[in-house]
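Remarks on the structure that follows.
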Amino acid sequence: MARTFNLKLKQMDIPLIQGGMGVGISLGNLAGAVMQEGGMGVISLAHPGYRDPDFMKDPFLANSKGLKEEVAKARNISQGKGILAVNAMCAINRYDEYVKAALDAGVDAIISGAGLPLSLPAITQGHDVLIAPIVSSAKAAQLLLKSWDRHYNCTADFIVIEGPDAGGHLGFKPEELLEHTAKSVLDILEETKPIIQEYEDKYDRIIPIYIAGGMNTKEKIQEAIHHGASGVQVATSFIPTIECDADIKFKEMFLNHNQKELTLIKSPVGYYGRAIANPLSKQLEQGRVAPTYCLNCIKPCDFKVTPFCITEALIQAAKGNTEKGLIFSGMTIPTQTKLRHVKEVIEDLVGEVK
Ligand SMILES: Cc1cc2nc3c(=O)[nH]c(=O)nc-3n(C[C@H](O)[C@H](O)[C@H](O)COP(=O)(O)O)c2cc1C
């Protein structure tokens, strides 16, 4: 752990961002544990208040309250170490207000994906906060950076490139994922570097790149850094940990990896997402699972026709209902048979990475 990474005045001791995992998988406990090791911990902004008794009545209020509590928890655990970010999906309704709630809660960084966060600089203007997009192609990076430059005269503080092996919503066509024809994350990195370079030159600063999707070994992380990444974003490896915020039954789905079958689900968010096959995914192959309620949370989702409610399915999963819940997962499920501490996972991943 020889290097420190300065992002403006905020500092990481290790080249690792813990990927945001909604709903309820990465909250203050997991984020705080990663920060304690000197990394960037990420709280998912997708319904952080889902356990609040008033959640169904006023989700925004419950989520704003929940977020504040999770931020306080992460700060308390990390005791001044690491960087605290939130992951905000562009596809959520009231995106601007949620980002503002995160600013009010005092996070250090906003990472935003599931669409291009074109308006993010307008929302965060005047705040001491790092902003970063998640992209899955050089083209998307180009479009976003050009737009921020043209409209707001600013650029990204860092950038996350998510490849086809990641979990959650994926920026690739299903055929590319099924036929393994999507570009690898390292290829996307190579294509994106000259674009980033252009904005590094223009703004006379470094824009660190973190690559995500299947970065589950020290060798792969070393290779990513060798190819010019500043580090990696890792999510699935942090699920079977003591500190992960999900129910134990959800975490146990990520043990004994060779027994798991992965599948792709078309999400109401508008993307395909990778998940562990279970009764819900099998039911969705047959047809619609009509929602039982609607919180009007996703911009492109229409309650009357949606194949299922993603919020309901993800909340069920976080609460440990592994039959009715949607179990998002990356391609590489850990091989371990017991839950571990975040510290051990991080030591395995970046312990000697220089
Ligand atoms: C259970 C789960 C939930 C996720 N939820 C989100 C999310 O809400 N927003 C997001 O941008 N990415 C989400 N992701 C993607 C991760 O943040 C991360 O970029 C990706 O999974 C990294 O690949 P890895 O899991 O192979 O390490 C999720 C991934 C998983 C496994």
Report task. List the trypsin sites (Lys or Arg not before Pro) within the range 226-312 that fall in a DSSP loop (any state other than H, G, I, E or B) and whose Cβ has at most 13 other Cβ atoms within 10 Å. Result -> R288, K304
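Got a number for carbon plus sulfur as a percent of the range 249-318's accessible area, 1.4 Å probe?
Numbers: 1750 of 3490 Å².
Reported share for carbon and sulfur atoms: 50 percent.
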Report summary line: With Rh as the Kirkwood radius over Cα pairs, the range 225-354 has Rg/Rh of 1.03
Report task. Pull up all non-local amide H partners of R340: gap of 5 or more, or a different chain, and H-to-H distance under 5 Å with H placed in the peptide plane. Result -> T241, I242
Query raised in the report: Quick one: which of 50-61, 329-340 comes out on top by average Cβ neighbours within 10 Å, and what's the full order, highest first?
Result: 329-340, 50-61
Report summary line: Computed D for the range 125-165, Stokes-Einstein, Kirkwood radius over alpha-carbon pairs, 10 °C, 1.306 mPa s, to the nearest µm² per second, is 145
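Jot down the per residue volume, in cubic angstrom and as a whole number, of the convex hull over the alpha-carbon atoms of the chain. Please list the in-between numbers first.
On the way: hull volume 43.5 nm³, N = 354.
Value for the chain: 123 Å³ per residue.
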Query raised in the report: Do any of K65/K343; K81/K343; K81/K319 go past 22 Å between their Cα atoms, and which?
Result: K65/K343; K81/K319
**Report entry** Estimated vicinal HN-Hα couplings, Hz - the range 44-57 in sequence order (Karplus 6.51, -1.76, 1.60; Gly, Pro = x)
**Finding:** 6, 8, 7, 6, x, x, 5, 8, 5, x, 9, 4, 6, 6
Query raised in the report: What order, most packed first, do the peptides 310-319, 88-97 have when packing is the mean number of other Cβ atoms within 10 Å of each residue?
Result: 310-319, 88-97
Report task. Please report the base-10 log of the normalised intensity I(q)/I(0) for the range 90-148, using a Debye sum with one equal scatterer per alpha carbon and no solvent, at each q in 0.21, 0.24, 0.27, 0.30 (1/Å). Result -> -0.80, -1.01, -1.20, -1.37
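Hey, with R₀ at 56 Å, roughly what FRET efficiency would H341 and V305 work out to, going by the Cβ-Cβ distance, to 0.05?
Values: r = 44 Å, r/R0 = 0.79.
Taking R0 as 56 Å, the efficiency between H341 and V305 is 0.80.
With a/c under 1.5 counting as rounded, go ahead and sort the range 158-261 into rounded, prolate or oblate using the C-alpha gyration tensor (a ≥ b ≥ c being the square roots of the eigenvalues; past the cut-off, prolate if a/b is larger than b/c, else oblate). Before the final figure, lay out the partial values.
Working: a/c = 2.41, a/b = 1.66, b/c = 1.45.
The shape class here is prolate.
How compact is the range 57-215 by the rule of thumb for globular proteins, expressed as Cα Rg over 2.2 N^0.38 Å? Please list the in-between numbers first.
On the way: Rg = 16.4 Å, N = 159, 2.2 N^0.38 = 15.1 Å.
Taking the Cα Rg and dividing by 2.2 N^0.38 Å, one obtains 1.09.
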Report summary line: Placing one equal point scatterer on each C-alpha of the range 1-129 and summing with Debye, one gets log10 I(q)/I(0) at q = 0.12, 0.17, 0.19, 0.21 Å⁻¹ equal to -0.41, -0.82, -1.01, -1.21
Report task. Would you mind telling me the share, in percent, of accessible area of the range 1-159 contributed by carbon and sulfur at probe 1.4 angstrom? Result -> 49
Query - Lys, Arg +1 and Asp, Glu -1 on Cβ, resulting dipole of the chain about Cα centre, debye, nearest 20 - result: 540
Query raised in the report: Could you name the lysines in cross-link range of K193, using Cα to Cα under 28 Å and dropping any fewer than eight places away on the same chain?
Result: K8, K10, K139, K146, K173, K183, K202, K218, K220, K354
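Probe of 1.4 angstrom, ligands and nucleic acids ignored: what's the accessible area per residue over the chain, in square angstrom?
Numbers: 15030 Å² over 354 residues.
Per-residue value: 42 Å².
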Requested in this report: Quote the relative contact order of the range 249-318 in percent (integer), defining contacts as alpha-carbon pairs under 8 Å separated by 6+ residues.
Outcome: 29
Requested in this report: Run the quick spin-label model on N256 and A72: label points 7 Å from Cα toward the beta carbon, then report their separation in nm to one decimal.
Outcome: 4.0
Report task. Take the alpha carbon atoms of the range 249-318, find their radius of gyration, then divide it by 2.2 N^0.38 Å using N residues; give the quotient. Result -> 1.16
Requested in this report: Quick one: what are the phi-derived ³J(HN,Hα) couplings along the range 227-243, Karplus 6.51/-1.76/1.60 with θ = phi - 60°, whole Hz, x for glycine and proline?
Outcome: 7, x, 6, 7, x, 10, 10, 10, 10, 3, 4, 8, 6, x, 10, 4, 7
Report summary line: Expected sort for 20-29, 103-112 on mean C-beta neighbours within 10 Å, highest first, is 20-29, 103-112
Query raised in the report: Got a number for carbon plus sulfur as a percent of the range 188-228's accessible area, 1.4 Å probe?
Result: 50
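The values are calculated or read from the model by the stated rules, or taken from the named source; none is laboratory data. Model, not experiment: these values are computed from the prediction. Positions of Cβ are generated from backbone atoms using ideal geometry, with glycine treated the same way; all protein chains shown enter the neighbour counts. What goes into the accessible areas is simple: the full protein's heavy atoms, side chains included, and nothing from ligands, DNA or RNA. Shrake-Rupley method; radii C 1.70, N 1.55, O 1.52, S 1.80 Å.
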